[in-house]
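Novice: Okay, handing you the structure first.
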Amino acid sequence: MKVASEQLRYKISGSKLPLAVYREVTAHLRQVDGVKVELIPQTSQKFDYNQSQIEGLWIELANPSDVKSQERVREILAYYQLRQDD
């Protein structure tokens, strides 16, 4: 977790979710006030069918003291984590 200039920014990675699901998560998170999300492209030079095209997400909260937005982000990420485990 990185803290810089009144913003909270952290990286979510290590998942093997398909590109479409990463885009869905991104769209869902962007609906939360004060949240910016960026897709991190896969950096591996070796092709693997089991590896996602996306390495992870950068999630940035403009106002780290906004507990409601933080909680909503956690709920969204938990939902997709549960879906991945199915």
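Novice: Quick one: in region 22-62, which of the residues that are surrounded by 14 or more Cβ atoms within 10 Å (Cβ to Cβ) and modelled with pLDDT under 90 is nearest to GLN7 (Cα to Cα)?
Specialist: Here the answer is GLY56.
Novice: Can I ask one more? Being in a strand (DSSP E or B), without any contact (Cβ under 8 Å) to a residue 24 or more places away in the chain and among the β-branched types (Val, Ile, Thr) is the filter here; which residues of region 11-60 pass it?
Specialist: VAL37
The values are calculated or read from the model by the stated rules, or taken from the named source; none is laboratory data. Predicted model, so just to flag it, every value in this text is computed and none were measured. All Cβ positions, even for glycine, are placed from backbone atoms using ideal geometry, and neighbour counts span all protein chains on display.
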